[in-house]
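In what follows, a single structure is set out as structure tokens and then discussed.
The values are calculated or read from the model by the stated rules, or taken from the named source; none is laboratory data. Since the structure is predicted, the reported quantities are computational estimates derived from the model, not experimental observations. Cβ atoms come from the backbone with ideal geometry, glycine included; neighbour counts cover every protein chain shown. Note: areas computed on protein heavy atoms with side chains; ligands, DNA, RNA excluded. Shrake-Rupley method; radii C 1.70, N 1.55, O 1.52, S 1.80 Å.
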Amino acid sequence: MKALEGVRILDMTHVQSGPTCTQLLAWFGADVLKVERPGVGDATRGQLQDIPDVDSLYFTMLNHNKRSITLNTKSDKGKEIFTKLIEQCDVMVENFAPGALDRMGFSWERIQEINPRMIYASVKGFGPGAYADCKVYENVAQCAGGSASTTGMLGEVPLVTGAQIGDSGTGLHLALGIVTALYHREKSGRGQRVECAMQDGVLNLCRVKLRDQQRLQHGPLREYSQFGEGIDFGEAAPRAGNDSGGGQPGRILKCKGWETDPDAYTYFITQAAVWGNVCDVIGKPDWKEDPGFATPEARLPHLNEVFGAIEDWTMTKTKFEVMEICNKVNIPVGPILSMKEIAEDESLRKTGTVVEVDHPERGPYLSVGNPIKLSDSPSDVERSPLLGEHTDEILKDVVGMSDEEIISAKEEGAV
Ligand code: COA
């Protein structure tokens, strides 16, 4: 039995943040009913299509293990059916623009009237305040949540990251909120509202930067490369390039082949506890006793020299050779893996983190499976549903409609 078996989710999500959340819940065994507009569906079905008229990878990779029902929740019949679905479900998840559910006639107060045990979970761009009404996408959240101003090279433009910390990150936060509310409902008997703003989710992931903002009041951030380079700090936590975010200095360094391979790099951390091993590996044993290099504090002002010497060594090895040599002596390093290398990685396939899924219209494709592994509730990745694929069965089994009622709802354009 899967961990969330028996939990039914009314999934009103679209694009990325909400679908990430409900996909996770589906992997844990919840019955996720994805409600989509008849004839239209989640906009991502048609976005970035690689094969004409076939659900995009954007959609298929975010909507595994769900059932799809089409329903016009703005029509009278649609509202009637939607009300029944609210009665029958444990959780409703949505990430529409602010106020969209209220405009449909389903405010939180109304939802509680229909089903007091309902957990109502939302993603919005911003929490209550000046920007509460704004529509928000990933990069807006990265910028407003403190990620962009602290990402990139010093003196250059702010950068957004490839990791979808605004969308998928907030979806993860929301999933935890939902499971927590489900646990609380066991004791209270009541549902509750779960809200997660994308700005807040990004900021939560950037908390070390708010840490540094406050440390700045007490002096320069000595582990940042700009300290050793003699560049003054301004009033705000600066962009730190590839400096390690923690107390152990680290950088991205060139490896053999970097001239032609854009990913021939390694991340290299000069962890204090293994400094002697670093010195031996790079052929600088004298640095172990040299007062200019022997302690972490002594090294901070000349990290460029330290990493320059390490890079002279890493450039003679491939990124995998660096991994092989350093791991043996406990030096933390990581090869910069391209998406091609990740797609072909045998161990990720074995653990189900990278999975091949078959789809009736597009054929086989690769996806990311559930990154959270439960020993008693393994996740099987099932393909995403076609638009409205499960409308009839959901109307029959969950809503309790007869064949005649379903035909009539279809004639009215409600489903
Ligand atoms: N039946 C009838 N109408 C439906 C429907 C259904 N099954 N499903 C959706 N709709 C309607 C909504 O009620 C809304 O109508 P309204 O504007 O008249 O109230 C409309 O479709 C579109 O919703 P909206 O959310 O405004 O879509 P959008 O494409 O304009 O905006 C976002 C997209 C993502 C910017 C916006 O939804 C948003 O800001 N969401 C919150 C933050 C978020 O999650 N962002 C990240 C997305 S990855």
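The table for this structure:
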item	result
Within segment 310-379, helices (runs of 4 or more DSSP H) holding 2 or more residues that are farther than 30 Å from Cys279 by Cβ and free of Cβ contacts under 8 Å to residues at least 24 places away in the same chain	339-344, 346-351
Test: residue in segment 75-90 that is without any contact (Cβ under 8 Å) to a residue 40 or more places away in the chain and among the polar types (S, T, N, Q)	yes
Test: Leu174 is of a type outside the set (Lys, Arg) and in contact with a Cys (Cβ under 6 Å, 6 or more places away or on another chain)	yes
Unique residue being surrounded by 14 or more Cβ atoms within 10 Å (Cβ to Cβ), closer than 26 Å to Val157 by Cα and more than 31 Å from the chain's Cα centre (by Cα) when the list is Leu303, Leu253, Leu221	Leu303
Wholly enclosed helices (runs of 4 or more DSSP H) of segment 1-116 bearing at least 3 residues within 15 Å of the ligand (Cβ to nearest atom)	17-27, 76-88, 100-104
Filter result for Val35 (open to solvent by 10 Å² or more (accessible area, probe 1.4 Å) and within 25 Å of His359 (Cβ to Cβ))	yes
Residue in segment 377-410 that is surrounded by the fewest Cβ atoms within 10 Å (Cβ to Cβ), counting only those that are at pLDDT 95 or above and acidic (Asp, Glu)	Glu404
Ile269 vs. criteria touching a residue at least 12 places away in the same chain (Cβ under 8 Å), in contact with a Lys or Arg (Cβ under 8 Å, 6 or more places away or on another chain), surrounded by 14 or more Cβ atoms within 10 Å (Cβ to Cβ) and not assigned by TED's automatic domain parsing to the domain that holds Gly171	no
Filtered residues of segment 181-197 (kept if of a type outside the set (Val, Ile, Thr) and outside any loop (DSSP other than H, G, I, E, B))	Ala181, Leu182, Tyr183, His184, Arg185, Glu186, Lys187, Ser188, Arg193, Glu195, Cys196, Ala197
Single residue of Ser149, Ser168, Ser225 found to be assigned by TED's automatic domain parsing to the domain that holds Ala97 and either touching a Gly at 6+ places or on another chain (Cβ under 9 Å) or away from the ligand (no atom under 16 Å from the Cβ) (or both)	Ser149
Of all residues in segment 49-69 being touching an Asp or Glu at 6+ places or on another chain (Cβ under 7 Å) and of a type in the set (A, V, I, L, M, F, W, C), the one that is surrounded by the fewest Cβ atoms within 10 Å (Cβ to Cβ)	Val54
Residue among Ala132, Ala163, Ala141, Ala175 that alone is over 25 Å from Leu24 (Cβ atoms) and either outside any loop (DSSP other than H, G, I, E, B) or open to solvent by 20 Å² or more (accessible area, probe 1.4 Å) (or both)	Ala132
Hey, Asn72 surrounded by 19 or more Cβ atoms within 10 Å (Cβ to Cβ) and over 22 Å from Asp200 (Cα atoms) or not	yes
Selection status of His302, at pLDDT below 95 and not polar (S, T, N, Q)	yes
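Results for (1) touching a Cys at 6+ places or on another chain (Cβ under 7 Å); (2) within 23 Å of Thr44 (Cα to Cα), shown as yes or no for each residue.
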| residue | (1), (2) |
| --- | --- |
| Lys317 | yes, no |
| Leu348 | no, no |
| Glu356 | no, yes |
| Pro360 | no, yes |
| Pro364 | no, yes |
| Pro378 | no, no |
| Leu386 | no, yes |
| Ile394 | no, yes |
| Asp403 | no, no |
